[in-house]
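These notes concern the structure reproduced below.
Quick note: the coordinates plus some simple rules give every number you see, no bench work behind them. Not measured: the values here are computed from a predicted model. Cβ atoms come from the backbone with ideal geometry, glycine included; neighbour counts cover every protein chain shown.
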Amino acid sequence: MAHSQLTGPRLRHTADGSVATVVIDHPAKRNAMTTDMWRALPPLLDGLAADPEVRVVVLTGAGPTFCAGADISGLRASAAEAQDLAVTAEEALAAFPKPTLAAVRGYCVGGGAQLAAACDLRFAEEGASFGITPAKLGIVYAASSTRRLVDLVGPATAKYLLFSGELIGTARALRTGLVDEVHAPGELDGRVGEFARVLASRSLLTQAAAKEFAAGRADRAAHWTEQARGSGDTVEGVAAFLERRAPRFTWSPAADQA
């Protein structure tokens with residue numbers, strides 16, 4: 001029984017300094033998300049948000065696939081509940097207060113693409129495939145998920161993906177803005193690690209405010225000005241620049257009580 005639990009469908013995470021990696025681990029079904037995995041993601045993210053050591057989260061899949069979607073057996077039991085769980089997990093990922101980066105290889109389809117789109121950035125390996133497939137199952141894609149996709153790739157590409165359910169490759173994904181960088185086989189992990197460390201070295205205050213503003217929230221501009229005034233990050237950043245040294249930014253989401 002212990003062995004079964006160890007190798008069964010799960011989300012696992014590791015931390016390397018300030019970078020945490022969350023792994024979708026269900027290789028028997030190309031890392032399809034079960035209902036338990038959807039449920040597990042929001043509390044896992046809550047823990048990483050509260051950890052002051054973690055400044056960046058990388059989301060990836062075990063083995064050669066990112067995530068082939070939702071486990072269809074869960075849809076048979078209750079498609080509406082499964083979709084609600086997926087949207088809740090997606091929203092938790094989109095609202096995560098620190099930078100998130102999806103590292104994609106292989107299939108990134110359905111619920112997998114939904115999770116990737118909720119990340120701030122997406123880096124892919126050549127040969128990856130992307131698709132949004134509710135039209136193949138007669139499912140109405142959630143309004144919030146549709147809006148996020150439109151904001152990411154524009155209405156024409158969003159309609160192409162949603163209407164057809166067809167898969168696209170990395171060249172088209174890069175051209176339409178679905179992914180930010182594409183890398184040769186064997187180079188993705190190194191580039192993701194390198195860039196994640198760059199993100200971790202920057203001001204989390206700047207990043208958290210930028211995430212809100214980019215999402216269209218403008219009512220907290222005064223709040224973020226006040227956070228900047230009290231954080232010390234601006235003073236530290238300017239001093240480090242003038243002294244030609246790496247800055248030591250200290251602001252964390254715990255300082256944001258609003």
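The table for this structure:
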item: Label-reachable residues, the range 7-22, where backbone N falls under 14 Å from a point 7 Å from R197's Cα toward its Cβ; result: 16-20
item: Under the Debye formula (equal points on every Cα, no solvent term), log10 I(q)/I(0) of the chain at q = 0.08, 0.11, 0.13 Å⁻¹; result: -0.33, -0.61, -0.85
item: Length released on extending from E91 to H223, taking residue separation times 0.36 nm less the Cα-Cα span; result: 45.3 nm
item: Unit Cα scatterers, Debye sum, the range 213-255: log10 I(q)/I(0) for q = 0.15, 0.17, 0.19, 0.23 Å⁻¹; result: -0.47, -0.57, -0.67, -0.82
item: Rg/Rh (Cα only; Kirkwood hydrodynamic radius) as it applies to the range 115-258; result: 1.06
item: Computed helical MRE - 222 nm, the chain, DSSP H runs ≥ 4 contributing -39500 (n - 2.57), nearest 500; result: -14500 deg cm²/dmol
item: P(r) tail fraction, the range 1-135 - alpha-carbon pairs more than 17 Å apart, %; result: 55
item: Pairwise label distance in nanometres, S164 with E243, each label 7 Å out on the Cα-Cβ vector; result: 5.6
item: Gain on full stretching of the segment that runs from V235 to A62 - 0.36 nm per residue minus C-alpha separation; result: 58.1 nm
item: Theoretical gain in end-to-end length, D189 to D16 [0.36 nm per residue, Cα-Cα removed]; result: 60.9 nm
